[in-house]
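FYI, it's all coordinate maths here, none of it is from the lab. Keep in mind it's a predicted model, so treat the numbers as computed, not measured. Here the Cβ positions follow ideal geometry from the backbone for every residue, glycine too, while neighbour counts run over all protein chains shown.
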Amino acid sequence: MPSISPELLAILVCPVTECHGALEQHDERLVCVRCGRRYRIEEGWPVLIPEEAEPPEES
Ligand SMILES: [Zn+2]
């Protein structure tokens, strides 16, 4: 499973302009703690592109 280093994760934020929330790794996704968008990780690098984010989980 790809893993983002804590040092990198600490400086990454959600790329959505009105959000910029912190990100947490959940399995193979980075999840924004503010808006809940999910970003996939490809070859160890998160794909922080708003248009490619998965919407928040319905629950
Ligand atoms: Zn966000």
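The table for this structure:
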quantity: FRET efficiency for residue 11 and residue 54, using Cβ-Cβ distance with R0 set to 22 Å, rounded to 0.05; calculated: 0.50
quantity: Region 6-52: mean projected area of Cα convex hull, nm²; calculated: 3.0
